[in-house]
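Taken together, the values in this text are just the output of simple stated rules run on the coordinates, not laboratory data. Treat the numbers as computed from the prediction; the structure is a model and nothing was measured. As a convention, Cβ positions derive from the backbone with ideal geometry for all residues, glycine included, and neighbour counts pool all protein chains shown.
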Amino acid sequence: MSTLILGIESSCDETSAAIVADGNRVLSNVINSQIDLHKIYGGVVPEIASRKHIENISYVVDEALKQAQINFNDLSAIAVTYGPGLVGALLVGVSYAKALAYALDKPLIPIHHIRGHITANAIANPDIRPPFICLVASGGHSHIVRIDDYTHFKVLARTRDDAAGEAFDKIARVLGLGYPGGPKIDNLAKEGTKDAINFPRVQMAEGSLDFSFSGVKTAVINYLHKAEQAHQTINKADVAASFQDAVCEALCTHTLEAARRENLSTITLAGGVACNSRLREMMDGLCKNNSLRLCYPPPILCTDNGAMIAAAGYFSFLNKDFAGLDLNAVPNLPL
């Protein structure tokens, strides 16, 4: 008999619910995105996001059950993101999950959002066996993590300032591309030359693998300001391509060095920035040159989604890692 986990994700601006069987078989994955709502503001407005989650959550859960062709009583447990994220948005999902678990007398499973992103690889590549290295790159996080199993991680590196996705969004804004910035930078960069402008690649002292993207972000802004003051024509495609290459080079080289230090032969990608075509291309080339295996989920499992939460919930279910009804949202939850 299959273990059926309902996964609920509401940490930012996607309301999502999914049913996953046995940790890797997705029966449904319903995502209600608020991108069109927030793009007019140039980014996510927390209060608006929270209100939309309240409006959407019952619908997406019902639709997930309908698409999976099951009912509430068929569920083995309810898994929910409880952090990190926007506190109001998280509270919607956590409150709904707690009420549902209580009403159904089913186990409640608390899931770290980043752990969900990592576990998306178990869905996309069920033959992967830990240990392996995972680069988690998203709008709020840039981590290099050693995965010993899907419930135990060791953080090897993190960003000291901006996350990679945050840097993409900020540069897209100053280039006038709009929100969300990552896909727009990626698309525009395909029309430009990646070696046109030499933006900095920050290396930390004392052998640290941590990232810093505030320097390259500032360098791009200064480049644009100087060009504007000198009345020079700006090739936005070249700026996008050169900036993107600087960010991707840092992400890739640090991740490969982490794999070398940990003596691991498999690298995975996770998070929204894992959809970036240049990141995938660069990482693929480096892994092939170094005889490493590279795996990553399809784009639908890189953005925020309930399937990754349900998959992570399956591994917690096996360990009986359950929460009580006093579970609360933790917006700054560490990994």
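For region 107-149 versus region 201-262, the inter-centroid distance based on Cα atoms is 25 Å.
Taking the longest Cα principal axis of the chain as reference, the axis of helix 87-104 is set at about 20 degrees. For region 168-240, averaging the sequence separation of C-alpha pairs within contact (under 8 Å, six or more residues apart) and dividing by the residue count gives a relative contact order of 36 percent. Principal-axis analysis of the Cα atoms of the chain puts helix 236-262 at an angle of about 60° to the longest axis. How would region 53-181 be classified by its alpha-carbon gyration tensor: rounded, prolate or oblate, with rounded meaning a/c under 1.5 and the a/b versus b/c comparison settling the rest? Since a/c reaches 1.5 but b/c is at least a/b, the shape of region 53-181 is classed as oblate. The relative contact order of region 163-321, computed from alpha carbon pairs under 8 Å that lie at least 6 residues apart in sequence, is 22 percent. With both residues required to sit in region 130-296, DSSP beta bridges show an antiparallel share near 60%.
Ranked by how many other Cβ atoms sit within 10 Å of their own Cβ, fewest first, the residues D127, D162 fall in the order D127, D162.
Here the residues Y223, Y59, ranked from fewest to most Cβ neighbours within 10 Å of their Cβ, fall in the order Y59, Y223.
Nearest 5 is fine: what % of DSSP beta bridges in the chain come out antiparallel, could you say? In the chain, approximately 60 percent of DSSP beta bridges are antiparallel ones. Each of M204, M1, M282 was scored by other Cβ atoms within 10 Å of its Cβ. Listed from fewest to most, they are M1, M204, M282.
Taking the longest Cα principal axis of the chain as reference, the axis of helix 164-174 is set at about 60 degrees.
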